[in-house]
Every structure is written in C-alpha cells, then in structure tokens.
Amino acid sequence: MIRKVGFLGLTAALLFSAVPAHAQKVLNISSWAPPTHYTNAIVWTTWGKWIEEATEGRVTTKIEYKLASPLKQFELVRDGVADAAWIFHGYNTRYVATQAVEMPNLGTSAEAASVAYWRVHQKYLAKADEHKGVTLAGLSSHGPAVIQTKTPLTGLADLKGLKIRVPGGVGSKVGKALGVVAVKLPAPKVYEALSSGVADGIFMPMETQKSFRLKEVVPHVTIMPGGLYYGSFAYLLNTDFLNSLSEKDRQAIMSVSGEKLTRLAGETWDNADKTGLADAKAAGSTVTTASAAVHAEYLELMAPVEADWVAQMNAAGIDGKAALAELRSIARSY
C-alpha cells in the first residue's frame, strides 16, 4: 500500500511539473476568406508558428471562419469576439490615410509596396489614428489590380456603362473616373455576381483568376502598366488579449508582427499573383497589357484623385505629398 501511494504521488508530481507556469492561451483569428486562400493557408499559419515559437508554446493560434462578414471584422476584434483578424480598408469609408498605398502606377511588387507602406504608415499615416480601438499587427498591399471582363476591351471607353464590381477606396474612384456602373460587394460574393450577370467585370489583382475562380467568368484580363491600383489590408489584434499576457509574451508577439508580418503578407500576395497568372493562361484566359497611350490617358484621369487625397491629408495635419513620395521611393528601391 505504501509503495502504491508513493507511486501515485510520484506520478501526480510528474504530471503537475509538466504543466507550464503560465497556462497556454489560444489566439483566435477571424478570417472571411476560404481556408484555401493564401492569407489563411500561408500568412496566418506562418504567423501562428512564429508566435508559438516566440512565446515558447505559451500562445498558440486558431483560425475561425464565418464569424462575421468582411465588413465587420474590425468590430469583431475591437469587441473581443475574435483576438485577431484581417480587414480590407476599402470596405469602409472611414479609412482615408490608408489609401496612400492604393494609388495607381506604383509599379512594384506587393512585397515592396507593403514594406514601404508599413514604414510610411509608422512615420506619417499613424497620426490619422484610423485603427483606434485595436492594436495594429501589420499592413500589406495586394499586387497591382487588373481589369477582368467578360468581353475583350479595345480601350478605356469600352468600360463606360459596364457593370463593374469595385472594391471601395481608390479602386472605387477608379471606377468613377472610368464611367462604370459600380457594383459594390465583398470579395467572397464576386463569382456569384459575375456568373449571374449582376456584374460584367471586376477590378481585382491577378491572383483572383485562380483563388476566386474568376478565369471561369471573366476570361479577359487587361493589365494597366504600373498597376490599376493597389489594395490596402490591415492585420489587427485585440488590445485586451495582448494585455492579458505577460510582458515577455506581448513583446514576443509584436516581435514577429509589424514589418515582419507585413513582408510575409506582401510576398504571399506576389506568389499568389504568379500562380493566378499561370492558371489564367493555362485555362485560356486572354491576358493583354494596355498600350502606352491608354496608360497615359488613365493617369490623366486619375491625377485629381491623388491631388484630392493629398489635400485631405494636409487638412488632417499629415504631409500627404511627402508621405506618397517616400512610399514610392522606398517601394521602387526595395
């Protein structure tokens, strides 16, 4: 009996000694894209591994789907329903400073655009405080957006009157400048809108030819040199969740966020665009590049959009012209 009690006591002691001093916490990530999307399959999972390694296993991550629409992700994180999420700024009109990276003709990779965006945000754009209520974990841009239509285009005039899905932000201003009939809906709804005839075309990056199967419904792709526009995303953390951790683990999570997460996201978008282009060509999509004359015509149409953004930033106490110049300089020399 003494031996049995001693054995049980030793077993219990070993079990309790295996429990970490700080109980493991799960960081729940909300995502609105399907599990196969690159953000879920690569960005979130890689960040999760970094967090687990940096915190020595004390914090792990889990992706949750369909908690809310893409438009409600910020509120999910702010209110603590999710501990992290990613948002597309164009879905909400309150984001204006973030349009810096969206301007046409940047002419770089998504990785270069994203890193430049993060640095310029920290130096200039953060003053706008557009992510108040949450902790900003990273920023990124998708690659250059392209025009995807059911029928081929001979020039910009062909777009006038067409029902085109626009994303919000600068992408919607592109649609207005080109005279399209704007169709506004979140990304997960675009295939249905195009296949049902609600939309005749769409402005989105090349990766969507594969990731959203758009090669099946809009097989004509027109590339605008320098990029039709870029797209702004943010990766958010619930501040209360962070504050519930030890200082060591808070610092560990932020050490694998910021520019490191931003670079990962940008690189992932670039790889996705390469895959999307290859898939589009394999499927028989027609991919053409707009002429120099069409490019010049487009930039002339969009010049007032950039000037208006600079004026809005100046009114908010941010040097918009300097912010854009620095973003472009960093991205193009990346």
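Observations
- Flag if L139 is within 15 Å of E102 (Cα to Cα), buried (at least 18 other Cβ atoms within 10 Å of the Cβ) and not β-branched (V, I, T): yes
- Selection of segment 179-208 for residues being of a type outside the set (A, V, I, L, M) and over 29 Å from S257 (Cα atoms) yields G179, K184, K189, Y191, E192, S195, S196, G197, D200, G201, F203.
- Meets criteria (among the charged types (D, E, K, R), over 21 Å from M313 (Cβ atoms) and at pLDDT 95 or above) for K123: no
- Of all the criteria given as (1) of a type in the set (D, E); (2) buried (at least 20 other Cβ atoms within 10 Å of the Cβ); (3) over 29 Å from E75 (Cα atoms), the one not satisfied by D158 is (2).
- In segment 106-134, the residues that are part of a loop (DSSP other than H, G, I, E, B) and either farther than 19 Å from A311 by Cα or touching a strand residue (DSSP E or B) at 6+ places or on another chain (Cβ under 6 Å) (or both): L106, G107, T108, S109, H131, K132, G133, V134
For (1) farther than 21 Å from E207 by Cβ; (2) in the same structural domain as E247 (by TED's automatic domain parsing); (3) not in a strand (DSSP E or B), each residue gets a yes or a no:
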| residue | (1), (2), (3) |
| --- | --- |
| T36 | no, yes, yes |
| I42 | no, yes, yes |
| G48 | yes, yes, yes |
| E53 | yes, yes, yes |
| G57 | yes, yes, yes |
| T61 | yes, yes, no |
| F74 | yes, yes, yes |
| A82 | yes, yes, yes |
| P104 | no, yes, yes |
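- Filter result for the condition that a residue is loosely packed, with under 13 Cβ neighbours inside 10 Å and either of a type in the set (S, T, Y) or modelled with pLDDT under 95 (or both), over S329, S285: S329
- One residue from K215, K189, K173, K210 being basic (K, R) and under 20 Å from M103 (Cβ atoms): K173
- Residue check for L261: touching a helix residue (DSSP H, G or I) at 6+ places or on another chain (Cβ under 8 Å), at negative phi and assigned by TED's automatic domain parsing to the domain that holds V101: yes
- For segment 272-312, residues that are farther than 19 Å from G107 by Cβ and of a type in the set (G, A, S) total 8.
- Test: residue in segment 220-232 that is without any contact (Cβ under 8 Å) to a residue 24 or more places away in the chain and either farther than 30 Å from G48 by Cβ or surrounded by fewer than 23 Cβ atoms within 10 Å (Cβ to Cβ) (or both): no
- Some residue of segment 182-204 being within 25 Å of P304 (Cα to Cα), charged (D, E, K, R), surrounded by 20 or more Cβ atoms within 10 Å (Cβ to Cβ) and out of contact with any Asp or Glu (no Cβ under 8 Å at 6 or more places or on another chain): no
- The set of residues from segment 147-167 being within 16 Å of the chain's Cα centre (by Cα) and either farther than 23 Å from I29 by Cβ or among the charged types (D, E, K, R) (or both) comprises just one member, V166.
- Annotation note: of T275, T262, the sole residue that is touching a residue at least 24 places away in the same chain (Cβ under 8 Å), in a helix (DSSP H, G or I) and touching a strand residue (DSSP E or B) at 6+ places or on another chain (Cβ under 6 Å) is T262.
- D308 farther than 23 Å from V146 by Cβ, assigned by TED's automatic domain parsing to the domain that holds V170 and not hydrophobic (A, V, I, L, M, F, W, C): yes
- Going through (1) assigned by TED's automatic domain parsing to the domain that holds Y65; (2) of a type in the set (S, T, N, Q); (3) outside any loop (DSSP other than H, G, I, E, B) one by one, S172 falls short only on (1).
- Output for segment 66-82, where each listed residue is over 17 Å from the mean Cα position of the chain (by Cα) and touching a residue at least 60 places away in the same chain (Cβ under 8 Å): R78, G80, A82
- S244 surrounded by fewer than 21 Cβ atoms within 10 Å (Cβ to Cβ), touching a strand residue (DSSP E or B) at 6+ places or on another chain (Cβ under 6 Å) and polar (S, T, N, Q): no
The values are calculated or read from the model by the stated rules, or taken from the named source; none is laboratory data. The structure displayed is predicted, hence computed values, not measured ones. Here the Cβ is made from the backbone with ideal geometry for all residues, glycine too, and neighbour counts use every protein chain on show.
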